[in-house]
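Undergrad: The structure under discussion is supplied below as structure tokens; questions concerning it will follow.
We did not get these values from a lab; they are worked out from the coordinates using the rules stated. Quick caveat, the model's predicted, so the values are computed rather than measured. In this analysis, Cβ positions are derived from the backbone assuming ideal geometry, glycine residues included, and neighbour counts consider all displayed protein chains.
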Amino acid sequence: MKPEFRAYDQPDFTHQDLDDRGPQQNVLLTTPDFFDVIDVKNVYMEGSVIDRKLARRQWQQLRDTYEELYKRGLIRGLFVEPGAEGLEDMVFCCNPIYSWVVDGVRCVVLSHMRYPSRQREVEYHRVFCERQGFKIIELEGSGLFEGGGDAIPHPYKRLIWGGYGHRSDRFMYDEIALKLKTPVICLELVSPYFYHLDTCFSPLDDDTVLICPEAFSEAGLNVIHQMFKTVYNIPKEDVKSTFSLNFDAVFNESGTEKAAVIQKSESVVIDILKKEGYEVIQIETGEYMKSGGSVFCMKTVMD
Ligand code: ARG
């Protein structure tokens, strides 16, 4: 059955019913000029003190990695936007916006950030995205939505997985589905360690996903198993100590080459990615993990 453009808790469709989606084209990074930990917004931030010089070096390694991926054709474009003074979390640029193609037009949804200290980030991104020619979509709902942290595209398909419970509200996904002309499957997040969907859910292809089961409700786990043939369960300790599910997977245009950028560790996720045919590129994001994020949240994928 062809899905409707609404939020589902229990999908009544399968992969075959979904429209195809082309690979996303560009990666946006935001410089960490003013990165710091000030107010505590998640459990990882408690008591964190940032070494700003080290943070700068780690971010530079992230940038060099993406420059290299660009040269090798594993991403199609790379934008770098300057971080703004007073916005210490702006380096986590996957949260304030969400990019999607609607009727052939490249659009960007503006997020409704939970914490006041992050709300001004959205305006900077709006100006930047307008200049790049994106159509801006504003949400009318009064609830929360934290962009690419909670809205994860299903690989190659017009389907979005929407996490809710900490930083995004379930009811916002009906409006998002309608405006993006794409069904959304909602997943409730139940653990404070996995406060954004990108900390605990990484789909690789139509059949395969890596998750941390403790992050989800019983109902959510059932839906994940319904939609994916292979579900890799990664232990909680592994995921929370290394942000191992916050990797970024990239592909060349023809799909013959794939790579994953991930925090350096001994995680089982690294072995799984290798087994699944990924070139694994390990980098150090330790200073950013103290703020509750790693590779996936330090970039936004844009169409
Ligand atoms: N300190 C940031 C916050 O709490 C980290 C955001 C990480 N982003 C993510 N998509 N997981 O908002």
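Undergrad: Check the straight Cα-Cα distances from Lys264 and name the lysines below 20 Å, setting aside those fewer than 8 residues away within the same chain.
TA: Hits, sequence-local ones excluded: Lys53, Lys236, Lys240, Lys274, Lys275, Lys290, Lys299.
Undergrad: Taking the Cβ of Arg114 as the center, what net charge do the other residues with Cβ under 9 Å away carry, scoring Lys and Arg +1 and Asp and Glu -1?
TA: Here the count lands on +2.
Undergrad: Assigning unit charges at the beta carbon (Lys, Arg +1; Asp, Glu -1) and nothing else, what dipole magnitude in debye, to the nearest 20, does segment 126-197 show about its Cα centre?
TA: For segment 126-197, the charge dipole is close to 360 debye.
Undergrad: I would also like to ask the following. Could you rank the peptides 144-156, 242-254 by their average count of other C-beta atoms within 10 Å per residue, with the highest value first?
TA: Averaged packing, sorted descending, gives the order 144-156, 242-254.
Undergrad: Then there's this: Please compute the net charge surrounding His154, taking Lys and Arg as +1 and Asp and Glu as -1 over other residues with Cβ under 9 Å from its Cβ.
TA: Around His154, the charge tally is +2.
Undergrad: Under a plain spin-label model, where a point goes 7 Å from the Cα along Cα-to-Cβ, how far apart in nm are Phe34 and Lys181?
TA: So the two model labels end up 3.7 nm from each other.
Undergrad: Which value, in debye to the nearest 20, gives the size of the charge dipole of segment 82-159 about its Cα centre, when Lys and Arg are +1 and Asp and Glu are -1 at the Cβ?
TA: Approximately 320 debye in magnitude.
Undergrad: Just subtract the alpha-carbon distance of Asp20 and Gln119 from 0.36 nm times their residue separation and send over the number in nm, one decimal.
TA: 32.3 nm
Undergrad: State whether the chain is rounded, prolate or oblate according to the following rule on the C-alpha gyration tensor (a ≥ b ≥ c being the square roots of its eigenvalues): a/c under 1.5 gives rounded; otherwise a/b larger than b/c gives prolate, and the remaining case gives oblate.
TA: Because its axes are fairly even, with a/c under 1.5, the chain counts as rounded.
Undergrad: Under a plain spin-label model, where a point goes 7 Å from the Cα along Cα-to-Cβ, how far apart in nm are Gln61 and Val49?
TA: If labels sit at Gln61 and Val49, their model points lie 2.2 nm apart.
Undergrad: Between Tyr70 and Glu218, how high is the FRET efficiency from 1/(1 + (r/R0)^6) when r is the Cβ-Cβ distance and R₀ = 51 Å? Nearest 0.05.
TA: Given R0 = 51 Å and the Cβ-Cβ separation, E is 0.75.
Undergrad: Run through segment 214-303 and list the trypsin sites (Lys or Arg not before Pro) located in a DSSP loop whose Cβ has at most 13 other Cβ atoms within 10 Å.
TA: Hits after loop and neighbour filter: Lys229.
Undergrad: What is the distance, in nm, between label points placed 7 Å from the Cα along the Cα-to-Cβ direction at Thr230 and at Lys275?
TA: 0.8
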